Structures are given as structure tokens and as C-alpha cells.
Amino acid sequence: MAEVAQKRLNQLTNIIQPPVTVATFRTARPATASVDYTPLNPVNFLLRSAQIYTHKPAVIYNGQQCSYGQLAIRVKNFAIALVNEYKISPGEKVAILCPNTQPILEAHFAIPAARAVIVALNHRLNATEVEYIVKHSDAKMFIIDSEYQHLIPANLNIKLVVIHEGAKDDPYEAMLKLGEHGHWSDLELAGDERDVFGISYTSGSTGRPKGVRHAYRFPWAITAVGGTHVMLRKIDYGLIWHHLKNDAVTHYNGAPTLQTEIVNHPDAVRLDRPVTVMTGGSYPSSVLLRELESLNIWPRHIYGLTETFGPTSATYEPVHVEHLSDEERYAMLARQGFADLTADEIRVMDQGTGKDVPMDGKTMGEITMRGNIVMKDYYKDPDATSKATKYGVFWTGDLAVRHPDGAIELKDRQKDIVISGGENISSIEIESTILFMDDVLEVAVVAGPDEKWGEHPVAFVVPKRGRKVTSEQIFAYCKSHLAGFKLPKTVHIIDELPKTSTGKTQKYILREQIWEGKAKKIN
């Protein structure tokens, strides 16, 4: 027993053992800097964890581990190379496109450590979108994984590094070597936390993606608390289940579409410990929430946008649930809930008057927010910025109601509401109803043309693997659960839904299919 205790003590000592000198992970600080104020900067989160958890795994990737001390050194090398060898100046943009691998994590600390602006591109974009973003962002350097080098724009006249993961002569590792002779003390971090940290581009589901400029004041929870990042190059549901079962994973995140695949995977089994999942990006059905809990995976439904970096609102378990049925409880958990700790108040407002809608759970308005999590602006698009920030709040474009307890419940995107005979019909309400059917995997509802009523709901339904469902079954189920004017008049059974690079359903593609040849177009 004493031997086991000593072994455990040695393990803990190795994890929290400080480096030879804490100054190894200390940046330069101007002599004139105030003693009572340090600008918020996520790079400091990394350095703190490197000082305290020097030998603790910061990253688990591809069967290898990288400690916080090692990660901080690699980030320093990266930043020094950008400044000294690639001559990247403060405020200049560095674009990076690679999958969920260690270089993308390192870039999110190294580029701001060099006081440059990170422009992280989604690896599911096409060549046209990549070219547009690289040029629109005014990037001075482009770092890209070799798997996606076919997306490199022609005649690209900026600095280029192509990552060849695992190769002996990997240009990325060669770049890091260029910074080995520098020190963290050679780097001075941004002095204003309102400076631009990065530019994230919207999904562009209805047009050109907009460049959302973020400041340094945003949450970086995992690194800040010394957590371990378990990284997967690709979405591999078998590998996800391997990590959940074998690597003591406590938290993960992913859109509802990903959660649906996880709960329906052959390796799915109830875990021997609770795991928390943050899910958002689209509406999670109460059916999905129940299935996750049955596997000891406890969902936290969050809400936010590219324009509001980090989760803006989250659901909270009702305090008194004894009187609620399971269906009522899961319906409450599927709401967007209340403002998160990092956000200011979230409101539901009438865009015409700028006033809050009644908290009656019925009156629809648009979700608005303000605070440290809201973007600075849209890059090079003052008109869009002004339109999105009138009345001193950011307008999300999401329609919702507010319940008497203050909780917000998303009803639809403004452009996804079906207006039939003057009635506003929520596509989400119809979708969540159809998702209760055992054989249904995914569903999307859009507005279709109706000669009498103007529009009517049209449902696109994807069955679960190996299951069959008919349009007649969909009609019958909806008829027993929805008001007559909300019933979908047309149902299409399809193999898959069109998705954006971030996994959101591209409803505009579905709308184009059913409005083709009509005088009226929905965009």
C-alpha cells in the first residue's frame, strides 16, 4: 500500500514540478507598464500552465503526448520565427488552414504571441472560398496542411509554409527550428486587450462569408485550467468512442449532427463515468438529449455565433423537476437558456421598436446581446457592422421567445420562418416533432410555394441507417402532434442534407430546389 502511495506521489510531483526557472516562460514587459493592470491575453494562460503543469500532457494526438512545457517552447519557437525570419509585423495577418491537429493549437498562441492576427480557415472550404478569404483578409503569410495544398490559390504572392506531418523534412518543423535561439523574454505581448486577435469568417451559407474581427478578451478555458487537448485529425466516431472509454475524457464538444452519429454508432455503450458535452450550432432535439444521457453523456446546450466568440448562453438544469415529465424536462434543456458567465445580458427584442418582447413564451422577437464576447466589427464591411449593431446591441438574426422564467428559446432563423396565410410557422417546431420518430436521423423544414397561402412547410427527412420511413408515416405523425396549419404539405425522403463547412444545414439549397422556376425566390 505504501509503495502504491509513493508511486502516485511521484506521478503528481512530476506533473506539478516547476521548470528550472519560471523566467523561461515569462514575456517582456515594458518598464512603464502599470503594476495594477495586465491586459487579458490567452498567451498568458499558456505560460501560466507551462509554469505550473510543466510536465502534464497538454496534447494527446496521434498516439503521442506533448507536455505544457514542451508546448510553450514550440509556441515560442513559432512566434520568434514569425517575427525574426518571416518578418511578420504587429497587426499583420497570418492565415492557417489545417485539420484538428497540434499545429492549429500552436498557431492560436504563437501568432498572437508575435502580435500578429490569426486567420484560421475551415478545412472543409472549397478553393474559391479559400482564395476569397486569404485575399479579403490581407494575409501576409499562409500556413497550410499538405492534405489541402490543392486549395492554395494560384499566383499567391505571400509567404507560404506547407505542413507535411511526420515527414523528416517537414517545413513546419523547420520553421519552428528557426526560433530555437530566441526566448519568451524577446516577445512583448499586445498592450491593449481590445486589439484584434483574429479574424474568423462566417459560414457564408447565404452569400460571401464575412470577416468577423475578435479582440483578445475571449475565453480559452482548456489551456487556462491546464486541461489536456485530445485532438483528432478527422472525425472518426470509432476513435471518439476509443478516447471516451480509454483516455479519461471529461468534456468534449460538437454539433447535434455529430452527437446523433455518436449515439447511433456500433461502439456506443453507457460510460462508467459521467462525461459533459457542449453542443450547439443547431437545435438539439429532446430525443437526442435523452439518448445522450442514457449513455452517461450529459449535454450542456450552448448558444453563440461566429460574431460572439465562445458560448453566449447555456441551459441550466431546472432546480425543481419532480413535477415535470421526461418530455417536458428535455424540452426545457433544449432551450438556449440564459446568458453565460462571460456574456452580458441576452435579450429578445422587436427590431422595429428596439424594445423587449413580453416574457410570455409566445411573442417572437430577435435575440440580441452585448458584452466582451461580441465581435469588434465585420472586416472591411462598415454597412453590415452598422446594420447588426443598431440600438446598442448585436442583432443575431435568430428569432426566439422568452419564457416567464427568463429562459430564451430559439424558434428559427429569420430567413427560415415559414409564412403561410399570414401565420408565422417555426421550422424548428416541425423538425423537433418529426425527430421524435424512431426511424428518423435528421430533418430540415423550409418554406415551399403555395398558390393559396403563399408558402407552406416542406420537410426533407433522412432515415437512420438500415431504417425506412415513408412520407405517409411522416404526415400521420405530424397530424397527431401539430396544429393543422403547421403540417408539412410535402415530404422528401433523402439520403443526406446539404451542410456548410461547420456542419450547419444549408437550407437555402433546399429552398432553391423547390422554388426553381417560380417567380418568387427565397434567399
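What FRET efficiency comes out for LYS464 versus HIS229 if R0 is 30 angstrom and r is the Cβ-Cβ distance? Round to the nearest 0.05. Before the final figure, lay out the partial values.
Working: r = 32 Å, r/R0 = 1.06.
Calculated value: 0.40.
Go ahead and estimate [θ] at 222 nm for the chain from helices alone: -39,500 (n - 2.57) per DSSP H run with n ≥ 4, summed, over the residue count, rounded to 500. Don't skip to the answer; put the middle values down first.
Numbers: 15 runs with 144 residues, N = 523.
One gets -8000 deg cm²/dmol as the mean residue ellipticity at 222 nm.
What is the distance, in nm, between label points placed 7 Å from the Cα along the Cα-to-Cβ direction at LEU40 and at TYR391?
Here the answer is 2.5 nm between the modelled labels.
Between 0 and 90 degrees, rounded to the nearest ten: what's the tilt of helix 68-84 against the longest Cα principal axis of the chain?
For 68-84 against the chain, the angle is about 80 degrees.
Arrange ARG270, ARG335 by Cβ neighbour counts within 10 Å, fewest through most, would you?
Working: ARG270 9, ARG335 21.
Neighbour counts put them in this order, fewest first: ARG270, ARG335.
Mind checking the full-extension length gain between LEU271 and ASN424? Use 0.36 nm per residue of separation minus the Cα-Cα distance, one decimal, nm.
Value of the extension gain: 50.9 nm.
Given C-alpha coordinates of segment 364-523, what is the ratio Rg to Rh with the Kirkwood estimate of Rh? Present the calculation step by step, with values, prior to reporting the outcome.
Values: Rg = 17.6 Å, Rh = 17.5 Å.
Reported Rg/Rh (Cα atoms, Kirkwood Rh): 1.01.
Rounded to the nearest 20 debye, what is the charge dipole size of the chain about its Cα centre when +1 sits on each Lys and Arg Cβ and -1 on each Asp and Glu Cβ?
On the way: 58 positive and 62 negative charges, 146 e Å.
Value, rounded to 20: 700 debye.
Nearest 10 degrees, 0 to 90: what angle lies between the long axis of helix 42-52 and the longest principal axis of the chain (Cα atoms)?
60 degrees
Using only the alpha-carbon atoms, how far is helix 127-136 inclined from the longest principal axis of the chain? Give it as 0 to 90 degrees, nearest 10.
Helix 127-136 and the main axis of the chain meet at about 60 degrees.
How far, in nm, would the chain grow between GLU293 and SER471 when pulled straight, counting 0.36 nm per residue and subtracting the alpha carbon separation?
Values: separation 178, 0.36 × 178 = 64.08 nm, distance 2.99 nm.
Length gained between GLU293 and SER471: 61.1 nm.
Using label points projected 7 Å from each Cα along Cα→Cβ, tell me how many nm separate ASP247 and ILE509, to one decimal.
Each label point is offset 7 Å from its Cα along the Cβ direction, giving 3.0 nm.
Just list whichever of LYS56/LYS87; LYS362/LYS486; LYS452/LYS486; LYS415/LYS507; LYS355/LYS387; LYS486/LYS507 have alpha carbons separated by over 21 Å in the model shown.
Values: LYS56/LYS87 33 Å; LYS362/LYS486 16 Å; LYS452/LYS486 15 Å; LYS415/LYS507 10 Å; LYS355/LYS387 17 Å; LYS486/LYS507 18 Å.
Over 21 Å Cα-Cα: LYS56/LYS87.
Using Cβ contacts closer than 10 Å as the measure, can you line up SER185, SER49 from fewest to most?
Fewest-to-most ranking of SER185, SER49: SER185, SER49.
So what is the relative contact order for the chain, in percent, with contacts set as C-alpha pairs under 8 Å and at least six apart?
On the way: 989 pairs, mean separation 52.3, N = 523.
The value is 10 percent.
Every read-out reported here was derived from the displayed coordinates using simple, explicitly stated rules and does not represent laboratory data. Note that the structure is a prediction, hence the values are computed from the model and not measured. When we count neighbours, we look across all protein chains shown, and the Cβ atoms used for this are built from the backbone with ideal geometry, even at glycine.
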